[in-house]
1. For segment 92-242, what number results from the quotient of the Cα radius of gyration and 2.2 N^0.38 Å?
2. According to a simple spin-label model (label point 7 Å from Cα along Cα-to-Cβ), what is the distance in nm between PHE331 and ARG211?
3. Mind checking which of PHE308, PHE188, PHE331 has the largest fluctuation in a GNM of the chain, springs on alpha carbons under 10 Å?
4. Determine, for each peptide in 167-177, 262-272, the mean count of other beta carbons within 10 angstrom over its residues, then list the peptides with the highest first.
5. With a 1.4 Å probe and every protein chain left in place, work out the accessible area per residue of segment 96-200 in Å², rounded to a whole number.
6. Hey, what did the chain get for relative contact order, percent, Cα under 8 Å, at least 6 apart?
7. Please report the carbon-and-sulfur percent of the accessible area for the chain; probe 1.4 Å, protein heavy atoms only, DNA, RNA and ligands left out.
8. Between ASP182, ASP72, ASP153, which gets the highest mean-square fluctuation from a Gaussian network model of the chain, Cα cutoff 10 Å?
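The values are calculated or read from the model by the stated rules, or taken from the named source; none is laboratory data. All figures in this text were calculated on a predicted structure; none of them were measured in a lab. With ideal geometry, Cβ positions are generated from the backbone for all residues, glycine too; neighbour counts draw on all protein chains shown. In case anyone asks, the SASA skips ligands and DNA or RNA and just uses the protein heavy atoms, side chains included. Shrake-Rupley method; radii C 1.70, N 1.55, O 1.52, S 1.80 Å.
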Amino acid sequence: MTRMSAKALNWSLRLLVAVMMLIVLDIHHSAFANAKTRADIDSAAACQAGRDSLAGLDAATRTNVLSPPKRDGHAVNVDIGLYVERLDSISEVDHSFQVEAFLELIWCDPRLAYQGQPNAPDRIVYLEDRAHEEHGRIWGPDIIFVNTAGPPDVQQEELIIFPDGTVIYEERVAVSLRARYDFTKFPFDSQRLAIEIESFSWPSSDLILHRDETKIGFSEGFNIPSWDLTGFTSEIRNVREIRDRDTFSELLFVIHAERVPEPFVYRLILPLLLIVMISWSVFWLRTSDTGRFGVTFTTILTVVAFNFVVTDKLPNVPEVTYLETLFGFAFLFLLLVVIQNTVADRLTAFGREAQSERFDALARVAFPVVFFAGVAAVTYAFGIL
C-alpha cells in the first residue's frame with residue numbers, strides 16, 4: 001500500500017508540473033503574437049501572392065540569406081510599429097528620458113518560404129533566446145535607436161515566419177534616449193521627446209521603412225509627475241548620417257510633453273512677487289523713521305535666502321530661463337527701492353520734507369505700475385503670454 005501510494009503521488013506531481021509548464025508556455029506565447037495567422041497580416045510589406053517568390057529575387061540574393069531580399073533591384077519594404085508602453089525619468093540633468101516600448105517589424109523574404117512542404121505548419125514561432133538566435137541566421141532590418149544614451153535592454157523577443165516567407169519580428173525593449181530640451185520658458189516649457197529608429201546597416205537604397213498606423217502610439221495609462229503628455233507625432237524621413245554617404249530611412253516618433261507649472265507658480269513665483277510687494281511698504285513710513293532701511297534690507301536678505309533655497313529645484317542649464325529672468329527683475333526693483341529710500345532720506349536731511357513726501361507718494365503708484373508692467377513684458381518676451 002505504501003509503495004502504491006508513493007507511485008500515485010509521484011505521477012500526480014509529474015502531471016501537475018506538466019500542466020504548469022503548459023500554462024506558462026501558453027502565457028509566454030500569448031504575450032506577443034496572440035496566435036497570429038497569415039490571414040491576420042494585411043501589411044503591404046508582407047509577401048504578396050503571385051508577386052513575391054524566390055524566382056523574383058535578384059540573382060545575387062537568392063542564395064545569400066544575409067543579403068536584403070530585393071526584388072528587381074528595389075529596396076525591401078519593412079513595416080514598423082512602435083507602441084510606447086511606459087515613459088520614465090525625464091532627466092533635466094543629462095537631457096535624457098527612458099521608455100519601455102513594443103517594436104514590431106514586418107517584411108517579406110521568399111528565401112524562407114516553406115509552403116507546399118509536407119505537413120508544413122501554418123507558422124513557425126521562435127521565442128526569447130531562440131528568437132534572437134534564429135534572427136541572427138537570417139536577413140533582418142538591423143534596427144537601432146539612433147539617439148540612444150545607453151545600450152537597450154531587450155526584455156522579450158518573438159520571431160514568426162509564415163509559409164509564404166512573411167516575417168514578423170517583435171520585441172519589448174527598455175532604452176534610455178537622449179533629448180534636446182529647451183528650458184528657456186521654464187517653468188512654462190514644453191518638450192519634444194524624440195525617438196529615432198533606423199537601420200544600422202542598410203541605407204534607403206536597400207531598405208525603406210513604412211509606418212504601421214495601427215501599431216504606432218503610446219499608452220495613456222502612465223503618469224509622469226510634473227509633466228502632462230499632450231500627444232505624439234510620427235513620420236518616416238530620409239536622413240544622411242555622418243558615418244555614411246547614403247541616406248537612411250528613419251522613423252521619427254515624438255511625444256509632446258508640457259510641464260505642469262502650478263507647483264512652481266505657487267511655491268516660487270507668487271512668493272517672490274509678494275516679497276517684492278512687501279518692500280513697497282516703506283513708501284508709507286515717515287522718512288524720518290529709521291525702520292525704512294531695515295525693512296528694505298530685510299526684504300533683500302529674504303530674497304537672497306529664498307534664491308539659495310530654490311536653486312537646487314531649478315534645472316542646471318546654460319540658457320537663461322524665464323524664472324531666472326524674473327528673479328533678476330525682482331532684484332533690480334529691490335535695488336530701486338534702496339535708491340528711492342536713500343533719496344528720500346537725503347531730502348529729509350536737507351530739510352525738504354515736503355519734496356520727500358511727494359517722492360514717496362509718486363513711488364507708491366509708480367513702483368507697482370512699472371513692476372507689473374515689466375513682469376508682463378518679460379512674460380511676453382519669453383512667449384508665455
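1. Details: Rg = 18.5 Å, N = 151, 2.2 N^0.38 = 14.8 Å.
Taking the Cα Rg and dividing by 2.2 N^0.38 Å, one obtains 1.25.
2. So the label points at ARG211 and PHE331 sit 4.6 nm apart.
3. Fluctuation is largest for PHE308.
4. Packing order, densest peptide first, comes out as 167-177, 262-272.
5. Numbers: 4240 Å² over 105 residues.
On a per-residue basis, segment 96-200 sits at 40 Å².
6. Normalised by residue count, the contact order of the chain is 14 percent.
7. Percent of accessible area from carbon and sulfur atoms in the chain: 59.
8. ASP72
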